[in-house]
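For reference, the structure is listed below as structure tokens.
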Amino acid sequence: MPKDHDYLDQVNDEINSIRDDIFEGINIAQHDYVTQVIQYIDRNRITDIFAFEPDIVHFTGHGTNLGLVLQDGDSISAKRLKDLFVDKKDIQLLFLNACYSADQISELIQLKNIKYIIGNEGEVSEYSATDFASIFYKHYKRTKNIPQAYINARDEYKFR
């Protein structure tokens with residue numbers, strides 16, 4: 001959370017909810033699952049997300065029409081974000097859970113190593129963002145299919 005932006009109370013709830021939704025009822029010792037949470041990313045630490053060769057990258061925080069907002073208050077533009085993912089291991093899902101994050105997608109879909117991208121159009125409340133992410137990951141755990149999990153989550157969220 002940048003110092004000049006409102007603190008998002010739901011960030012820790014979202015992180016815990018995702019972990020719980022994915023790992024609930026799974027014997028982790030028998031599977032090759034690892035989660036890595038990197039908090040307070042700034043322009044000097046943004047590449048830390050690739051240290052573990054993730055299959056899913058989930059960003060939660062603030063976003064503006066200029067890009068995702070990092071801890072130091074800098075925005076990371078769609079072009080810069082794209083440059084970060086070039087030549088990286090294949091990413092199954094890039095989930096940008098921030099306001100205006102859908103604005104990043106037109107640049108990112110040019111990359112062949114990111115299979116699916118989820119973003120938000122315009123402003124989104126932190127509670128809505130957290131709820132949708134939780135619903136999505138519950139469906140993903142059940143279906144193991146990102147497009148189907150998205151459709152199911154979208155439909156369930158609309159119903160709620």
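The values are calculated or read from the model by the stated rules, or taken from the named source; none is laboratory data. Note that the coordinates shown come from a computational prediction; the quantities given were computed from them, not determined experimentally. Virtual Cβ from ideal backbone geometry, glycine too; neighbours counted across all protein chains shown. Accessible surface areas use protein heavy atoms only, side chains included; no ligands, DNA or RNA. Shrake-Rupley method; radii C 1.70, N 1.55, O 1.52, S 1.80 Å.
About its Cα centre, what dipole magnitude does the range 95-151 give when the only charges are +1 on Lys and Arg Cβ and -1 on Asp and Glu Cβ, stated in debye to the nearest 20?
580
Using a 1.4 angstrom probe, figure out how much accessible area the range 54-160 has per residue, in square angstrom, rounded to the nearest whole.
Averaged over the residues of the range 54-160, the accessible area is 52 Å².
Taking residue 112 as the anchor, which lysines have their alpha carbon closer than 18 Å to its alpha carbon, excluding any fewer than eight residues away along the same chain?
79, 82, 88, 89
Using the alpha carbons of the range 40-129, what is the convex hull volume per residue in cubic angstrom, as a whole number?
90
If you bin the C-alpha pair distances of the range 82-160 every 10 Å from 0, what whole percents do you get?
18, 47, 31, 4
Which of the peptides 48-55, 144-151 is most tightly packed, and how do the rest follow, going by the mean number of other Cβ atoms within 10 Å of each residue?
In decreasing order of mean packing, 48-55, 144-151 become 144-151, 48-55.
Grab the other residues whose beta carbon is less than 12 angstrom from that of residue 63, score K and R as +1, D and E as -1, and report the net.
Net local charge, residue 63 excluded: -4.
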